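See structure below.
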Amino acid sequence: MIAPSLLAADFTNLARDIDMINRSEADWLHLDVMDGVFVPNISFGFPVLEHVARICKKPLDVHLMIVQPEKFISEVKALGAMMMNVHYEACTHLNRVIFEIHKAGMKAGVTLNPSTPVSMLVDVIRDVDMVLLMTVNPGFGGQKFIEHSIDKVRQLRRLIEETGSHALIEVDGGVNVDTGRRLVEAGADVLVAGSSVFKADSPEAMIRQLKSL
């Protein structure tokens, strides 16, 4: 599955870019919410996302790169989001956060930074619907792909199979046709693609190409 990242869109032509996503073969729209505290950047907040949610016809995959993400479960739910992603590193009581996300009627995703080992998920892997592996350090788009991420996807795939988890594997950062192919071969289910989609000569064609990997 392909989830274009809104972070790479042209914010002076946001409606145009979302209309392109609606027409395309993209499966989800990935939304990176940054607070300038958990990550060294600020992206967009809920006033912007409310407008996005009104015109986007694709399921929303909301990725909260923020401290205390549990405070915003109701706001994410109000967007009509399909998936709420929280960082392992930002949640002191991760089990409780996963429970509250499910209680709100959304799917629960847990994100790992590049330096956080897959083994940290052993106690929650059966409870989550998806694990997002960051393949760059979170905070900015257009970064170089971290090569050891391929092995990390393989490790996560083994953990999922060994535990009988039904979690999907999503990857985000430096995804293009080359890295995307290797990630899919390693076991990834969902590719988040920002610059490679929105900076392509034909974003719709690039989404189609990524889906064919």
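The values are calculated or read from the model by the stated rules, or taken from the named source; none is laboratory data. Predicted model, so just to flag it, every value in this text is computed and none were measured. Cβ sites come from the backbone with ideal geometry, for glycine too, and all protein chains shown count toward neighbours.
Number of residues in region 1-24 that are out of contact with any Pro (no Cβ under 9 Å at 6 or more places or on another chain), closer than 21 Å to Leu132 by Cβ and outside any strand (DSSP E or B): the value is 5.
In region 82-139, what residues are more than 15 Å from the chain's Cα centre (by Cα), assigned to a loop (DSSP other than H, G, I, E, B) and among the β-branched types (Val, Ile, Thr)?
Residues of region 82-139 that are more than 15 Å from the chain's Cα centre (by Cα), as a first pass: 89-105, 115-127.
Retained after the next criterion (residues that are assigned to a loop (DSSP other than H, G, I, E, B)): 91-93, 104-105, 115-117, 122-127.
Hits for region 82-139 are Thr92, Thr116, Val122, Val124, Ile125.
Residue pairs whose Cβ atoms lie under 6 Å apart, separated by 6 or more positions or on different chains, with the first residue in region 62-81 and within 24 Å of Val171 (Cβ to Cβ) and modelled with pLDDT of 95 or more and the second exposed (fewer than 15 other Cβ atoms within 10 Å of the Cβ) and hydrophobic (A, V, I, L, M, F, W, C), are Val67/Val37. Across region 101-126, the number of residues qualifying as within 29 Å of Glu147 (Cβ to Cβ) and loosely packed, with under 15 Cβ neighbours inside 10 Å comes to 6. The set of residues in region 131-153 being over 17 Å from Ser5 (Cα atoms) and either crowded, with 20+ Cβ neighbours inside 10 Å or out of contact with any helix residue (DSSP H, G or I) (no Cβ under 7 Å at 6 or more places or on another chain) (or both) consists of Ile146, Glu147, His148, Ser149, Asp151, Lys152, Val153.
Do we have Val171 as assigned to a helix (DSSP H, G or I) and buried (at least 16 other Cβ atoms within 10 Å of the Cβ) here?
Numbers: assigned to a helix (DSSP H, G or I): no; buried (at least 16 other Cβ atoms within 10 Å of the Cβ): yes.
For Val171, the condition - assigned to a helix (DSSP H, G or I) and buried (at least 16 other Cβ atoms within 10 Å of the Cβ) - is not met.
Within region 186-199, none of the residues are touching a strand residue (DSSP E or B) at 6+ places or on another chain (Cβ under 9 Å), of a type in the set (A, V, I, L, M), within 23 Å of Glu89 (Cα to Cα) and at pLDDT below 95. Tally time: how many residues in region 140-168 are more than 14 Å from the chain's Cα centre (by Cα) and either in a strand (DSSP E or B) or closer than 26 Å to Arg96 by Cα (or both)? Qualifying residue count, region 140-168: 14.
Results for (1) surrounded by fewer than 18 Cβ atoms within 10 Å (Cβ to Cβ); (2) more than 18 Å from Leu31 (Cβ to Cβ), shown as yes or no for each residue.
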site: Leu60; (1), (2): no, no
site: His63; (1), (2): no, no
site: Ala78; (1), (2): yes, no
site: Asn85; (1), (2): no, no
site: Phe99; (1), (2): yes, yes
